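Novice: This is the structure I want to talk about, given as structure tokens.
Read-outs: derived from the displayed coordinates by stated rules, not from any lab. Note that the coordinates shown come from a computational prediction; the quantities given were computed from them, not determined experimentally. Quick reminder, even Gly has a Cβ in these numbers, built from the backbone with ideal geometry, and neighbours come from all protein chains shown.
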Amino acid sequence: MIPYTLLEFDQLNSTSDFLKENFSYFPHMTFIRANFQTQGRGQFDRTWLSDSKQNILCSILLKDLKMSSISEVKLWMKESLMSFLENEGLNPRFKEPN
């Protein structure tokens, strides 16, 4: 199993902002998850709205990743998570960051 760090919060302004402000304290493969974001953002600082506890709201710190690999890793993570949730009997939907 790949070692990772998981930090879970009931509420954050933004998982992305929290990670940006604190990334130097965390190791590679740190997951920041929140039940609710008060100022969630998608790409290009667009607003990201979500009801509390209805979605997976997270940001992931990958310090040792080459920029050229980001698209591949993102696709692999999406497919792995969707497959896991389907195997658990759920009907997941995926929304690309806006």
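Novice: State the number of residues belonging to the stretch 19-43 that are of a type outside the set (S, T, N, Q) and under 19 Å from F94 (Cα atoms).
Specialist: Within the stretch 19-43, residues that are of a type outside the set (S, T, N, Q) and under 19 Å from F94 (Cα atoms) number 8.
Novice: Oh, and also: Scan the stretch 37-49 and tell me whether some residue there is aliphatic (A, V, I, L, M) and free of Cβ contacts under 8 Å to residues at least 24 places away in the same chain.
Specialist: As a first pass, look at the stretch 37-49 and keep what is aliphatic (A, V, I, L, M): 49.
Subsequent filtering for residues that are free of Cβ contacts under 8 Å to residues at least 24 places away in the same chain retains 49.
Checked the stretch 37-49: at least one residue is aliphatic (A, V, I, L, M) and free of Cβ contacts under 8 Å to residues at least 24 places away in the same chain.
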